[in-house]
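This report concerns only the one structure given below.
The values are calculated or read from the model by the stated rules, or taken from the named source; none is laboratory data. Keep in mind the model is a prediction, meaning the values are calculated, not measured. We place every Cβ from the backbone using ideal geometry, glycine too, and count neighbours over all the protein chains shown.
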Amino acid sequence: MSTKPIYKYNSRYPSVADLKKKAKSRIPKFAFDYLEGGCNEELNLYRNENDFDNILLKPQYLRVGKDIDMSVDLFGHKYSAPFGISPIGLQGLMWPNAPEILAKAAAKHDIPYTLSTVSTSSIERIAEVSEGKAWFQLYHPTEDRLRDDILNRLKAVECPVLVVLVDVPSFGLRYREIKSGLSMPPKMNISNIFQAMTRPTWGIKTLQHGIPSFATLKPYMEKGLDLSQLGQFMNKTFTGKVNMEKVKAIRDIWTGPLVLKGIATEEDMQAAIELGVDGVIVSNHGGRQIDAGESSIVSLQKLTSNPNYTSKLKIMMDGGIRSGVDLARAYAVGSDFNFMGRPFMYGVGALDTEGGDHTITMFKAQLYQIMQQLTVDNIQQLQERLIK
Ligand SMILES: Cc1cc2nc3c(=O)[nH]c(=O)nc-3n(C[C@H](O)[C@H](O)[C@H](O)COP(=O)(O)O)c2cc1C
């Protein structure tokens, strides 16, 4: 049997469910609801997680295994583990300084952290703490001038991968956010302030790190906008409607790896291939946009079963992955790389500065264990273990 690497993490939180429970007790309800929620009746949120249960894997006990290698080559870089951190907006609202905590931990473990355009740390700061390794997710700006400025800033920090989000032609209808007042524009009402007072660690840390803001967008905003003006700024500045022409313009400017996030159908996959992008992230925005859509893992299954797609670009996915076993399942279905959103925020909410490191180590340990059990030596072999 191969020697197991030492995965050291806080043994009180061996699973995403443990981290989520702890995070819920430390994050004010309005912010936790923002993190947790899906759209409409939250059916696709449910499907994202539960459809993984139908993916079954088999071992091959009598083959002789070698040492396990979890690394993956992607866009010219060898990542030490086959998963990354999805872009999440307003991260610092859910847990103070979350983007920096996660970007640092990802850099230490050599996995990708993706900064959202609407997260609470700037492109430059995240490039610094991640030693230039962080990816960036672009909400498409309405004006070309702003798009070009952001792309120039990304070039200046040598951002390795640009991810363009395509699945927000309008904001998702999210009842939890409407009720808590945390919609666009975000509002702070009496109930939210009261909820914050019941979460003292969050409150103290928010005071330490300052009220979160859209740090990357600061240069384009007038000073002293109140919250409703901020919402108006966001609506005016970004258009979710990303068409082929807009992506083509970015493809012409951006010479590095370009990825489209939110591809879930054959039609969009064919368009992505036509546009010459380097990869797609099969995603439904964590079940936050279309409640009648299929789960990410089901979309992935359809798209990776077509060799015309798999041979042309990298097909990655996110949505509903909650364990090393789920990671193994997604690779078995044919994914080239996988991302997770909420689990990392649970980790930081539960364990603050230790949360990034803990969650990454926990997933590595879980994936290692299932790979050992399935008797595979590397990520590619997982495809042979799918029970069809
Ligand atoms: C609170 C929250 C905020 C998000 N903000 C963004 C965002 O700013 N940009 C983006 O591309 N995706 C965003 N997403 C979607 C995630 O990148 C990712 O697709 C999703 O969380 C994956 O599902 P999972 O949470 O089940 O892993 C957000 C998701 C959540 C839960």
Exercise. Could you please let me know if K20 is within 23 Å of A330 (Cβ to Cβ), within 13 Å of the ligand (Cβ to nearest atom) and touching a helix residue (DSSP H, G or I) at 6+ places or on another chain (Cβ under 7 Å)?
Key: yes
Quiz prompt | Spans of strands (runs of 3 or more DSSP E) in the range 76-121 with at least 3 residues surrounded by fewer than 24 Cβ atoms within 10 Å (Cβ to Cβ) and away from the ligand (no atom under 15 Å from the Cβ) | solution = 77-79
Practice problem: Out of I190, I250, I263, I204, report the one residue that is among the β-branched types (V, I, T), modelled with pLDDT of 90 or more and over 24 Å from the mean Cα position of the chain (by Cα). | Solution: I204
Quiz item: In the range 52-69, is there at least one residue being of a type in the set (D, E) and either assigned to a loop (DSSP other than H, G, I, E, B) or within 15 Å of the ligand (Cβ to nearest atom) (or both)?
Solution: yes
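Suppose we filter A196, A264 for residues that are among the small types (G, A, S), away from the ligand (no atom under 15 Å from the Cβ) and surrounded by 12 or more Cβ atoms within 10 Å (Cβ to Cβ); which single one remains? Step through it out loud before you land on a result.
Numbers: A264 fails: away from the ligand (no atom under 15 Å from the Cβ).
The conditions single out A196.
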Quiz prompt | Enumerated helices (runs of 4 or more DSSP H) restricted to the range 273-365, each holding at least 1 residues that are at positive phi, away from the ligand (no atom under 12 Å from the Cβ) and free of Cβ contacts under 8 Å to residues at least 40 places away in the same chain | solution = none
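In the range 362-388, which residues are out of contact with any strand residue (DSSP E or B) (no Cβ under 7 Å at 6 or more places or on another chain) and closer than 26 Å to L90 by Cβ?
If the condition is that a residue be out of contact with any strand residue (DSSP E or B) (no Cβ under 7 Å at 6 or more places or on another chain) and closer than 26 Å to L90 by Cβ, then M362 is the only one that fits.
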Quiz item: Mind checking which residues of the range 231-249 are under 18 Å from M269 (Cβ atoms) and touching a residue at least 40 places away in the same chain (Cβ under 8 Å)?
Solution: V242, K246, V247
Practice problem: Read through the list (1) part of a helix (DSSP H, G or I); (2) β-branched (V, I, T); (3) within 13 Å of the ligand (Cβ to nearest atom), then give the number of the only condition that I370 fails. | Solution: (3)
Quiz item: I178 is checked against (1) in contact (Cβ under 8 Å) with a residue 40 or more places away in the chain; (2) among the β-branched types (V, I, T); (3) under 25 Å from L43 (Cα atoms); (4) part of a helix (DSSP H, G or I) and fails just one. What number does that condition carry?
Solution: (1)
Quiz prompt | Check on V247, under 22 Å from I88 (Cβ atoms) and of a type in the set (V, I, T) | solution = no
Practice problem: Answer with yes or no whether Y46 is surrounded by 13 or more Cβ atoms within 10 Å (Cβ to Cβ) and of a type in the set (S, T, Y). | Solution: yes
